[in-house]
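Take a look at the structure below.
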Amino acid sequence: MSGYFSDVVALARKDVLLELRARDTLPAMLLFVASAFVIFHFALPTGTGELAGLGLLWVAIVFTALLGLSRAFVAEREQNVLDGLVLAPSDRSAIWLGKAIAVFAFLALAELAALPLFALFFSGLDGTTVAAVVLADVGICAVGVFLAAMSVATRARELLLPVLFLPLAIPVIVGGVGASVTGAPGRYLGFLALYDALFATICWASFEYVVTE
């Protein structure tokens, strides 16, 4: 088991170091989410309700995550090393977990810039919303990396990933908005936690079959 987690750490560290050198994914995510909030701020009429602002927060998070997920396997695809990762003497689910951790880190860094902007422009940011965002990020990264691996070998990968990912992100938006606007957010936070546990287990268990096809 220690060898498994060593593989996961090595794969996640590899992605983080590549990003620090290339600076491709994270700056794009930061620019996108910041621009989205600025556009929402000036496009919406004055006095727009808190509920609308929270809805826009979740839309921005989902599409920012999609931008990062679309580049999750770019390095492996361009350098033709995905086959090498698959043939490496380690559990193939470690590839999924390492990628998910790296994407989670990038998304969290983007949100560290995005959430203060949201609080500045729209208000309504509290601890419950932050907790919902963290839980949502886990599910988004777990499902998104799995789908990114499915679509990376196809010709229409840029189109296929959003088509597969966005329907599965609907429960995340429902749970996130519900936790932010209801007086009893525990039910929605529990829903997000259940989503994370269920889909992370499915993706972890079936990732080997995805990358070997």
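Restricting to the range 184-210, name every residue that is outside any helix (DSSP H, G or I) and either out of contact with any helix residue (DSSP H, G or I) (no Cβ under 8 Å at 6 or more places or on another chain) or open to solvent by 50 Å² or more (accessible area, probe 1.4 Å) (or both). Residue satisfying the conditions is ALA184 alone. Filter the range 95-141 down to the residues that are open to solvent by 10 Å² or more (accessible area, probe 1.4 Å) and polar (S, T, N, Q), then identify the one that is nearest to TYR4 (Cα to Cα). Here the residue is THR128. Starting from the range 54-79, keep only residues that are aromatic (Phe, Trp, Tyr), then list their pairs with residues that are not in a helix (DSSP H, G or I) whose Cβ atoms are within a distance under 6 Å, requiring at least 6 positions of separation or different chains. Close Cβ pairs satisfying both conditions: PHE73/VAL152. Taking the conditions (1) more than 30 Å from ASP91 (Cα to Cα); (2) open to solvent by 60 Å² or more (accessible area, probe 1.4 Å); (3) without any contact (Cβ under 8 Å) to a residue 24 or more places away in the chain in turn, VAL181 satisfies each one other than (3).
The values are calculated or read from the model by the stated rules, or taken from the named source; none is laboratory data. Nothing here was measured: the structure is a model prediction, and the numbers come from that model. Backbone-built Cβ (ideal geometry, glycine too); neighbour counts: all protein chains shown. All accessible areas refer to the heavy atoms of the entire protein, side chains included, with ligands and DNA or RNA removed. Shrake-Rupley method; radii C 1.70, N 1.55, O 1.52, S 1.80 Å.
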